[in-house]
Amino acid sequence: MTKQRFLSGLLLSGLLFTAATCGRPPTRAVPPEIFGRWFHSFEEETPGTNVYRPESFGFPLARGRTGFALYEDGRFEQYDIAPTDGLETTPGTWESPEKNTVRVQLNGVREGRPASFQFQIVSVEKNRLILRREQ
C-alpha cells in the first residue's frame with residue numbers, strides 16, 4: 001500500500017508540474033530586462049529600428065505615445081493612442097521561438113491592423129530597448 005501511495009504521489013507531482021509549465025513561453029530565450037511596460041521614443045529612432053523607454057522615462061512632450069508590455073507569464077499588451085488621446089489596450093500573448101526573437105499574437109484586433117507580428121531584440125538595458133520589427 002505504501003508503494004502505491006508513493007507512486008501515486010510521484011505521478012500526481014509530475015502531472016501538476018506539467019500543468020503548471022504547459023503553455024508558458026520559453027523565457028530563457030529573451031533577456032529578463034525586457035519584462036515590463038515600454039513606450040515608443042520616436043525621437044531616438046534610426047532607420048530599421050524602434051527605440052522604447054520605460055514609462056518612468058522623462059519623455060519630451062508629445063500628443064501621445066504607443067507602447068507595449070511584455071510579461072513573463074506569456075501575456076502581452078499593446079498600447080495605442082485612443083480617440084480620446086488616452087491609451088487603448090489590446091491584449092495578446094507572446095512566445096520566443098529563438099533567442100532574442102519575440103512573436104506576438106493579438107486578440108480582438110481592429111480592422112486594418114495585423115493580428116500577429118514578430119520583432120528582434122537588438123539591445124535591451126534598464127532604461128532603453130531597441131527592436132527591429134518584422135511582419
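The values are calculated or read from the model by the stated rules, or taken from the named source; none is laboratory data. All values derive from a computational prediction rather than experimental measurement. All Cβ positions, even for glycine, are placed from backbone atoms using ideal geometry, and neighbour counts span all protein chains on display.
Below, the figures for the structure above:
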read-out: Criterion: part of a strand (DSSP E or B), within 13 Å of the chain's Cα centre (by Cα) and modelled with pLDDT of 95 or more - qualifying residue of Val122, Val102; value: Val102
read-out: Checklist (1) more than 13 Å from the chain's Cα centre (by Cα); (2) within 16 Å of Gly74 (Cβ to Cβ); (3) of a type in the set (A, V, I, L, M, F, W, C) applied to Ile130, failing item; value: (2)
read-out: When residues of segment 65-87 are limited to those that are in contact with a Ser or Thr (Cβ under 7 Å, 6 or more places away or on another chain), modelled with pLDDT of 95 or more and acidic (Asp, Glu), the one farthest from Val51 (Cα to Cα); value: Glu72
read-out: Top-ranked residue of segment 26-42 - restricted to ones that are crowded, with 16+ Cβ neighbours inside 10 Å and either in contact with a His (Cβ under 9 Å, 6 or more places away or on another chain) or among the hydrophobic types (A, V, I, L, M, F, W, C) (or both), ranked as nearest to Gly86 (Cα to Cα); value: Phe39
read-out: Tally, over segment 43-54, of residues that are surrounded by 14 or more Cβ atoms within 10 Å (Cβ to Cβ) and without any contact (Cβ under 8 Å) to a residue 24 or more places away in the chain; value: 0
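Here's the yes/no breakdown for (1) under 17 Å from Phe35 (Cα atoms); (2) surrounded by fewer than 13 Cβ atoms within 10 Å (Cβ to Cβ):
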{"position": "Tyr79", "(1), (2)": "yes, no"}
{"position": "Leu87", "(1), (2)": "no, no"}
{"position": "Glu95", "(1), (2)": "yes, no"}
{"position": "Arg103", "(1), (2)": "yes, no"}
{"position": "Val122", "(1), (2)": "yes, no"}
{"position": "Asn127", "(1), (2)": "yes, yes"}
